[in-house]
Structure formats: C-alpha cells, structure tokens
1. From the residues in region 173-195 that are farther than 20 Å from Arg361 by Cβ and touching a residue at least 60 places away in the same chain (Cβ under 8 Å), which one is surrounded by the fewest Cβ atoms within 10 Å (Cβ to Cβ)?
2. With Asp198, Asp167 as the choices, which residue is assigned to a helix (DSSP H, G or I), surrounded by fewer than 19 Cβ atoms within 10 Å (Cβ to Cβ), of a type in the set (Asp, Glu) and out of contact with any Gly (no Cβ under 8 Å at 6 or more places or on another chain)?
3. Which of the residues that make up region 10-31 are surrounded by 18 or more Cβ atoms within 10 Å (Cβ to Cβ), at negative phi and part of a loop (DSSP other than H, G, I, E, B)?
4. Taking strands (runs of 3 or more DSSP E) that do not extend beyond region 84-152, which have at least 1 residues that are among the small types (Gly, Ala, Ser) and at pLDDT 90 or above?
5. Can you confirm whether region 231-252 contains a residue that is within 18 Å of the chain's Cα centre (by Cα) and either free of Cβ contacts under 8 Å to residues at least 24 places away in the same chain or in a helix (DSSP H, G or I) (or both)?
6. Would you tally the residues in region 328-345 being part of a loop (DSSP other than H, G, I, E, B) and among the hydroxyl-bearing types (Ser, Thr, Tyr)?
7. Taking only region 188-230 into account, find how many residues are among the charged types (D, E, K, R) and touching a helix residue (DSSP H, G or I) at 6+ places or on another chain (Cβ under 9 Å).
8. For region 344-355, does any single residue satisfy the condition of being touching a helix residue (DSSP H, G or I) at 6+ places or on another chain (Cβ under 6 Å) and either touching a residue at least 12 places away in the same chain (Cβ under 8 Å) or acidic (Asp, Glu) (or both)?
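The values are calculated or read from the model by the stated rules, or taken from the named source; none is laboratory data. Not measured: the values here are computed from a predicted model. A quick note on method: Cβ atoms are made from the backbone with ideal geometry, for glycine too, and the neighbour counts reach across all protein chains shown.
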Amino acid sequence: MTEDGRALVPSQTCWRREQADRFALIVDAADYFRFAKAAMLEAQHSIMLIGWDFDTRIKFEPQSPTMHGPNRLGRFLIWLPKRRPGLQIYLLKWDLGMVQALGRGMTPLFVLDLITTARLRLKLDAAHPAGAAHHQKIVVIDDSLAFCGGIDMTVDRWDTREHRDGDRRRRKPSGRAYAPWHDATAVVDGDAALAIGDLARERWRLATGERIAPASSRRPAWPRDLTPIFERVEIGIARTIPEFDGNPEVREIERLYLEAFARARRTIYIETQYLASRKLVEGLARRLGDREGPDIVIVLPESAGGWLERKAMDGARRKLLRLLWRADRHQRLGVYYPVTQSGEPIYVHAKIMIVDDWLLRVGSSNLNNRSMGFDTECDLALEAAPDEIEGTKTRGAINSIRRDLLCEHLGVEVDVFMAAFDRSGGSLLKTIEALRRPGRTLNAFKVEDIAEDESILAENELLDPEGAAPSLKEQAIRGLRDLISRMRVRKQTS
C-alpha cells in the first residue's frame, strides 16, 4: 500500500490513477443511450466504441426521438462522419464467432462492415485465449469524455429506472418483448477520459495491429443535461487482462475486490450479475466471521439468462450462497433480487460495489472467475481521500449513490429510506428488511429458492475458468476431468 494508505495503488489494485474533472453514475440504459448519443453528436476528432457486443438495430430513444440525427445506432454511425469532416469512428466488438453471431441476430454488424468508409471502421476482437471474451464496455469521445461500465449497446438492454410492468418500449428489433433490465455505467472527463482513451487505443492495437492517433485537441464534451455527482476527483482504472500472445496476465480488479473487502468496516454493498468466484466469496465469508465486521448486501438477478448459464453460474451461486450463509454467524448478510410492482424479476446486469462511504466501483466485471483472470475487463473506482474536506464531500456523495440505488430497488422515497435508516441505528441490512414489502421491492434469497440450482456444471473450469490455460485442449481436459470426477462422486453417493 502507499504511504497515504489508499486502497487504489497503481500496478497493484489499479492500472492508473487520474483526475476526472467530472464524474457521474448513469443508471439504466434509457439515460445511457441518450447521453452517449448527445456526446457523440459533439465529437470532432474520434469516437472509439470498444465492447462485448453492439447491435446496429437498437434505437437510442425507442419512442418519440428528441435528438438530431438517425435514431438507430448503425444509421447514426454511418450518418455522423458524413457531416463531421475529420471525424474517425472506430468500433471494436468481441469476435464471438460467425455462427454464434447469426444466432444472436448480429447480421447487421457484418452488413455494416460492407458499407463502412475510411472514417468508419468496424473490427472484431479475437485477441484473447480460446473460450475467453472481450468484456469491456467503453466509449471514448475526442479523448475528452469516456463512458465505462456494464451497459452494452445491444438488444435487451434499454429500460428506465421505473422498470414498469409491460413497458412497450422494451422491445427487441423483432418486436418481441423482453424482461425489465437493471444496469449501470460511469462517465468521466479530464485526464481520466484521456487515460481510458489510451486503454481503448491499446485494445484496438492488440486486436487489429493498427495504431490510432490520440485526439489532436481536446475540448469539453460533457452532456449538457447530465449533472455530475463528483468534481475534481481522482479515478482509479482497474483491469483484468488474460495472459495471451506473450502479454502477461493482469488481475488488478481481483486485488481491488479483496483489498476492499478486507478494509470494510460497516457495509459492503454489491450489485452483480453472477456470484461464482470462490476466492472472492471466501473473502466475504471471512468478514462475516469477524465479530465486528460489516453488513454485506448483495443484489443479484433471480437467475442467470440462458440454460447453460443457469447450470454453470446459478449452480456455482447455490454452492457459494450456502458458504456465505454458513459463515453468517452474526446475522449480517442479505442477498436479494429486485422485482417490479407486479412481482416480475428485474434482471441485474449492473456491476457496482460500494464499501462503507469511501469506495465506489463500477465497471464490467462480475464476481465470477472469468472476470478475475480470463476475460478482458475494465472498472473505474473512486476512493474518498482520508482526512480531507474534499474527502468528506466525496463520502457524502458515495452514501447518496447507495441510498439512491436502494430507493430504486425498494420503491421508496429518500425520506422514507432515511427515516428507516435512522431507526435501525445506521444498519443498512436492518433498513432493507424494514422496508421490504409487497410490490416493487427486494426479495430475499432463501435456501429453498436455490434448491433447483444444483448442477455438476457448477464451478466448472471449462465454463468459468480462473485464467488462461496454455491451450484450449488443456482447458477442455481440465474441465472434462472435473466434470467426470463430479459425476463419479454423485453416482457413489446416490
């Protein structure tokens, strides 16, 4: 650790620490898509879109567009450079394979590639170990503004913070409805945005062999209607990068999680799509065992998305939730999933952690093994400065973010939440339990709720590896050996 006692240490728990003139957390894709388009409309030099997935058919505003230019992502990206001399657009998407892409309805990206110009470039990112994914979700505009978090510009993502039942705007390009979706991303400007631009350019180089020049000049690009939560704060940029093609493994994100868990005093609040990393869950379990340890609140989706995800990720979740419940001797653990007013589960895709009132982390990483050492990830973290006036302001703002998220999930106003928090003596867990009720709320996971999640695919190295194996063959052998061993144990005990 550094002399000032910070948790964010370059080359250990983060890559770099850089100042952001402004920082905001954007919750849910309705606002993100709108602010991203507004920022791109101001671009003069370059737009870099680096992501797990893009779908050119999505609309920035599903009904009644209010902004200039085409409303669909693909048409907008074609239209914009024609009207902005000198503007270059770079779109880098994970290469998940042609067959999988067609199955997901991604044909429009390949059609777009046929009609791109010299100033609109689409490339597929295959610079990762076999079976790994490029999972970062980054947009950088003129090196002056950067979005980084958990929201992909693709289908099934758009939703408002109200998560209304039957919202007709939640439609796939095919017209089919999809379920409510909770997500989050961060936006920064200043030197922090320039650093994320450096990261995006390096990813483009690794994936394509081509170099992108930095912006020749930087000008303010902050969206006019977006109110910053923090001003003039230092941002830590943390990464996961698997070992590949002679490049070393980077596990800054994992180290930041574990350091934050160890330092927590009152509360660890987590929103994550998956709970499947035994190493991280054991870190949480150790804190539950401390007599004076923190409350731990985890918000998850009710279940994972597809069949294979449910078998692998929900199966791992079942095992690890049981581990946490066994460790919770002092009754300081709450694990929940959000629901709409009618009780429909809201899918949690956000990747957020708030520790006490001194650390906010938002990014692309989940609490699974892949995010710690196998997939490429990028998180932003903001740490309150110790014993400073500005640090006090930062801590207050971090508290307000956590309160705002919980008010959304519980369907209550801030004054109702604060009254319950005061009555609880400052216990976040007791506050949540006091405010849970029928309708829009957080439902608690119980042992009986996860009984069907048992699967021999849980914690399988082939599906959720901790890092890159020397070869796909070795990775497959490890996973199959593990699977065969589990089948034998199950047969012997049945």
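1. Per the criteria, the residue is Ser174.
2. Exactly one of Asp198, Asp167 is assigned to a helix (DSSP H, G or I), surrounded by fewer than 19 Cβ atoms within 10 Å (Cβ to Cβ), of a type in the set (Asp, Glu) and out of contact with any Gly (no Cβ under 8 Å at 6 or more places or on another chain), namely Asp198.
3. Let us first name the residues in region 10-31 that are surrounded by 18 or more Cβ atoms within 10 Å (Cβ to Cβ), namely 13-18, 20-31.
Among the residues that remain, those that are also at negative phi are: 13-18, 20-27, 29-31.
Passing the criteria: Thr13, Trp15.
4. Details: elements: 88-94, 120-125, 138-141, 145-149.
Here the list reads 145-149.
5. Checked region 231-252: at least one residue is within 18 Å of the chain's Cα centre (by Cα) and either free of Cβ contacts under 8 Å to residues at least 24 places away in the same chain or in a helix (DSSP H, G or I) (or both).
6. Restricting attention to region 328-345, the residues satisfying the condition of being part of a loop (DSSP other than H, G, I, E, B) are 328-332, 340-344.
Now narrow it down to the ones that are among the hydroxyl-bearing types (Ser, Thr, Tyr): 340, 342.
Adding up the residues that qualify gives 2.
7. The first filter runs over region 188-230 and keeps only residues among the charged types (D, E, K, R), leaving 189, 191, 198, 201-203, 205, 210-211, 218-219, 224-225.
Those left that are additionally touching a helix residue (DSSP H, G or I) at 6+ places or on another chain (Cβ under 9 Å): 210-211, 218, 224-225.
Within region 188-230, residues that are among the charged types (D, E, K, R) and touching a helix residue (DSSP H, G or I) at 6+ places or on another chain (Cβ under 9 Å) number 5.
8. Scanning region 344-355, I find at least one residue that is touching a helix residue (DSSP H, G or I) at 6+ places or on another chain (Cβ under 6 Å) and either touching a residue at least 12 places away in the same chain (Cβ under 8 Å) or acidic (Asp, Glu) (or both), so the answer is yes.
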